[in-house]
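K.L.:
Structure below; questions to follow.
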Amino acid sequence: MTAQSDLVTSPTPHPLPKRTSDRVTHIRPERGWLDLELDQIWRFRGLLSTLVHRDVMVLYRQAALGAAWAIIQPVFAVAIFTIVFSRIAKLPVPGDTPYPIFAFAAVLPWTYFAEAVRRGSSGLVNEANLVRKVYFPRIAIPLSGIIAPLIDFLLAFLVLIALMLLMGVMPTWRLFIVFPLILVASMMALAISLWLAPINVRFRDVKYTLTFMLQIWMYASPVVYSSSMVPEKWRWVYALNPMVGVIDGFRWAVTGVGQPNFVALGIGSTLIAIMLAGGLIFFKRLERTFADII
Amino acid sequence: MGDIAIKAKGLGKKYKIGASAARHDSVRDMLASTAKNLFQRKPSSNTSEFWALRNASFEIRRGENVGIIGLNGAGKSTLLKVLSQIVTPTEGSAIIQGRLGALLEVGTGFHQELTGRENVFLYGSILGMSKDEVAEKYDRIVEFSEIEAFIDTPVKRYSSGMYVRLAFAVAAHLDPDILLLDEVLAVGDFSFQKKCMDFARSLERQGSTILFVSHNMFSIKTMCPRVIYLKKGQVVFDGATDEGLKMYEADSRLAQAPWFHPESSDGPAITVTEIELLDQKGVERTVFNYGEQMTIRIRYTASRPIDNPDIRIGINRSDDLHCCSFSTHSDAIPLGTINGEGMLEMTTPALPLVSDQYTTTVAVRERGHQISSQLGAIFHIRHEELQSSAFGVFHQAGHWRVGTEADSTIVAGSQISGD
């Protein structure tokens, strides 16, 4: 104890009550490369659910049409694709699936994925105030960014089922496959967000780049066309896009035509796992600087 | 170790300032400046590092209330940010035992579109409470905030006062073991401020540890028996409040007003080198009674001749409210041309200012332009009854008429004596 602290007043005479928490927090400059503090996410799970809840509520409250947007967006996309690619360009569709169902089965995971990436990577900047003034594991923000659009996904999924019944495509047990597939898509979105969000804090260019990056990516995925149109010798390159396996899986789940693309799914999932691990480390390393530069 | 709430060892936080650390908001900017540096072959000479906090070591026991004081930019907020884990220290370490609640700015987690009720839950979980915990405390929070009627209105329609009330109410119910407070008590109207202070005291009685950053020395005095005084990022004093405040007051004298920019880079044409506050016996004091006369003596150095300057001595309340000014021009005091060193003394009339903390300011004007502005000595005015929360800026007795129209007596108010 230094000479200075001798001046400190003696401890309060009455006994101190029990602590609310016995948590001991260590504050130090460096953390190990692999100390990802994943337990913090669990500790702040309440915050995560509140952030998701808030994102969903705010989204639907600010818009005049509210929850209808979750439906309008994919429905319009499908309508336009049907006119342009089916009626005008006359793209062939494998099997006898009506083009709108064929397109919807791909637009559904794609819309979710694009929205999740958009929100996941811009969340930190949008929540700058929070980041500057309050402590919480920052990863809660990209996480809530990929979880909140799942609500839209579920609504649009119901629309797809209605459309299937309307067009005489009977839903089968295969439809349940979409849930693990959307999980794969959300992990992909998280992996990308973990890389882009910290870069976005530093360089706001990400916001502008993202729009056309997602556009190009959509055409590099079998959204408007069938992956069977890709020449055989390029399939392996094509499979490096993790969304290929996801979308093919969705198509199979909805139409039953062909079979799930296990090769693409396998390659995609491996890539996602690598990107996710790298993203977690990258995000964690830069997390410490967010409050300084945001 | 059991009784220690916070133990900091050599905490330091470094920021980069200067041109090359200028933020590149886009990759294009960065590429442009990198290219420029490449051609100019100038090693980033204008990068400078700046320690916002350095070598901060201290121990805070459970149940202690500690004030953190220092001039603007001394590192107070940085310290709180490091302790609340918002920023990571560059060096040193700290151990915190128990739940820590930080109120660095009230209501930052609020979302404009959501209602007061929804924001209570949102802000609660941002501060670290579980949903059940907020639900359990919800009624008390709303009652404390005094805005029951508007709880289902989106907060974007709230007045700033309501906003702060609700936010503080949530934060106040966090029940932390350690509470970091940054000037948040300086918001809201007076009755709410008092409520907040009372609340802080009740936390104190419960044995919470409070770290309190404020510019209001009076609040520090009433709340904290111990202060940590930061100066340029370093802990220069850690100990009894009275002693710390003396050092702080000595240092905060004669600082240049933060908003004033001198005409040339050499500094203002005239510098006030000393401001002394004397009572009527000529004794230097920092606490005056209500209704007392005060003599303000200033010494100055002028670097060039100043023709017929207007020297203004102002008095600002602790919340920066400008209470009054005395001016050589309006009092028709001919100063002629001043140059070099000089002295000026002004005795105020009996000051009717109410009980609070005040800062003197000295401004010099030449032909309508302000050429110098400095903050001077801090003083307190004491009165049991005449508090600024109830009496405003000044108090003077009125003439009252008592009884009916036909039969009335004029009662001249007698001045409440200053103690």
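The values are calculated or read from the model by the stated rules, or taken from the named source; none is laboratory data. Small disclaimer: the values here were computed from a predicted structure and weren't measured. Positions of Cβ are backbone-derived with ideal geometry, glycine not excepted, and every protein chain shown enters the neighbour counts. Calculation scope for accessible area: heavy atoms of the full protein, side chains included, ligands and nucleic acids excluded. Shrake-Rupley method; radii C 1.70, N 1.55, O 1.52, S 1.80 Å.
K.L.:
Bins of 5 Å, beginning at zero and ending with the bin holding the largest distance: percent of Cα pairs per bin for segment B:270-391, please.
P.N.:
2, 11, 21, 24, 18, 12, 8, 3, 1, 0
K.L.:
Over the heavy atoms of A:Asp292, what accessible area does a 1.4 Å probe trace out, to the nearest 10 Å²?
P.N.:
Roll a 1.4 Å probe over it and A:Asp292 shows about 50 Å².
K.L.:
On the first, second and third principal axes, largest extent first, how far apart are the outermost C-alpha atoms of segment B:284-335 in Å?
P.N.:
Computed over segment B:284-335, the largest-to-smallest principal extents equal 37, 22, 21 Å.
K.L.:
If one takes the longest principal axis of the Cα atoms in chain A, at what angle in degrees, from 0 to 90 and to the nearest 10, does the Cα axis of helix A:178-202 lie?
P.N.:
Its long axis makes an angle of about 50 degrees.
K.L.:
Please arrange B:His395, A:His53, B:His369 by accessible surface area, largest first, computed with a 1.4 Å probe and ligands excluded. Could you put the intermediate results ahead of the total?
P.N.:
On the way: B:His395 35, A:His53 100, B:His369 130 Å².
The ordering from most to least exposed comes out as B:His369, A:His53, B:His395.
K.L.:
Let me ask something else about it. In whole percent, what relative contact order does chain A give with Cα contacts below 8 Å and a gap of six or more residues?
P.N.:
Reported relative contact order: 23 percent.
K.L.:
Just to make sure I understand: if all protein chains stay in place, what is the order of B:Glu148, B:Glu64 by accessible area at 1.4 Å, largest first?
P.N.:
Output order, biggest surface exposure first: B:Glu148, B:Glu64.
K.L.:
Going from most exposed to least, what order do B:Thr348, B:Thr337, B:Thr301 have by accessible area with a 1.4 Å probe? Kindly include the intermediate steps, with their values, before the conclusion.
P.N.:
Numbers: B:Thr348 0, B:Thr337 90, B:Thr301 50 Å².
Heavy-atom accessible area, descending, gives B:Thr337, B:Thr301, B:Thr348.
K.L.:
Also, I was wondering about something else. Interface size between chain B and chain A, please: total buried accessible area, 1.4 Å probe, rounded to the nearest 100 Å².
P.N.:
Counting both chains, the buried surface is close to 5000 Å².
K.L.:
When DSSP assigns beta bridges and you keep just the ones with both residues in the protein assembly as shown, what percent turn out antiparallel, to the nearest 5?
P.N.:
80 percent
K.L.:
Right, next: Give me the distance between the Cα centres of segment A:264-279 and segment A:198-238, rounded to whole Å.
P.N.:
16 Å
K.L.:
Also: Rg(Cα) of chain A divided by 2.2 N^0.38 Å?
P.N.:
In units of the 2.2 N^0.38 Å rule of thumb, it is 1.23.
K.L.:
Could I ask something else about it? Based on the alpha-carbon set only, what is the convex hull volume of segment A:111-254 divided per residue, in Å³?
P.N.:
123 Å³
K.L.:
Taking a temperature of 25 °C and a viscosity of 0.890 mPa s, what whole-number D in µm²/s does Stokes-Einstein yield for the protein assembly as shown with Rh from Kirkwood over alpha carbon pairs?
P.N.:
D = 81 µm²/s.
K.L.:
Right, something else. From other protein chains only, count the Cβ atoms within 10 Å of every residue's Cβ in A:119-130, then give the mean. Numbers along the way, then the final one.
P.N.:
Details: counts 0, 0, 0, 0, 0, 0, 0, 0, 2, 1, 5, 5.
The shielding value for this peptide is 1.
K.L.:
Determine how many Å³ per residue the convex hull of the Cα atoms of segment B:117-248 encloses.
P.N.:
Hull volume normalised by residue count: 125 Å³.
K.L.:
Among all the lysines, which ones have a C-alpha under 26 Å from B:Lys76's C-alpha, if same-chain residues fewer than 8 places away are not counted?
P.N.:
A:Lys133, B:Lys7, B:Lys9, B:Lys13, B:Lys14, B:Lys16, B:Lys194, B:Lys195, B:Lys221, B:Lys231, B:Lys232, B:Lys246
K.L.:
Heavy atoms only, probe 1.4 Å: what % of the accessible area of the protein assembly as shown goes to carbon and sulfur, would you let me know?
P.N.:
Roughly 59 percent of what the probe reaches on the protein assembly as shown is carbon or sulfur.
K.L.:
Now for a different question. Have a look at the DSSP beta bridges in segment B:270-391 and tell me what percent are antiparallel, nearest 5.
P.N.:
So the antiparallel bridges in segment B:270-391 amount to around 90 percent.
K.L.:
For chain A, what is the calculated [θ] at 222 nm in deg cm²/dmol (nearest 500), taking -39500 (n - 2.57) for each run of four or more DSSP H residues and dividing by its residue count?
P.N.:
Using -39500 (n - 2.57) per qualifying helix, the result is -21000 deg cm²/dmol.
K.L.:
What fraction of the Cα pairs in segment A:236-278, stated in percent, has a spacing above 14 angstrom?
P.N.:
Values: 404 of 903 pairs.
Of all Cα-Cα distances in segment A:236-278, 45 percent exceed 14 Å.
K.L.:
Could you tell me how many degrees, from 0 to 90 and to the nearest 10, lie between the Cα long axis of helix A:242-255 and the main elongation axis, the longest principal axis, of the Cα atoms of chain A?
P.N.:
That helix lies at roughly 50 degrees to the long axis.
K.L.:
Measure out, as a whole number of angstrom, how far apart the alpha-carbon centroids of segment B:362-406 and segment A:146-171 sit.
P.N.:
Distance between centres, Cα-based: 70 Å.
K.L.:
Here is a further query. What is segment B:270-391's relative contact order, in percent, from Cα pairs under 8 angstrom and six or more apart in sequence?
P.N.:
31 percent
K.L.:
Which longest run of chain A has no exposed loop site in it, a site being GluC sites (Glu not before Pro) in a DSSP loop with at most 16 other beta carbons within 10 Å, and the site itself not part of the run?
P.N.:
Numbers: sites that count: A:Glu30, A:Glu37.
In chain A, the maximal stretch lacking such sites is A:38-294.
K.L.:
Run the 1.4 Å probe and let me know the accessible area of B:Thr286, rounded to the nearest 10 Å².
P.N.:
60 Å²
K.L.:
Hey, got the average number of other protein chain Cβ atoms within 10 angstrom for residues in A:286-293?
P.N.:
Working: counts 0, 1, 4, 2, 3, 5, 8, 4.
Average neighbour count from other chains, rounded to a whole number: 3.
K.L.:
Which residue, chosen from A:Pro137, A:Ala114, A:Trp42, occupies the Cα position most advanced towards the positive end of the dipole of chain A, where the dipole is computed from +1 (Lys, Arg) and -1 (Asp, Glu) charges on Cβ about the Cα centre?
P.N.:
A:Pro137
K.L.:
Also, quick follow-up: Roll a 1.4 Å probe over the protein heavy atoms and report the accessible area of A:Lys233 in Å², nearest 10.
P.N.:
For A:Lys233, solvent-accessible area is about 150 Å².
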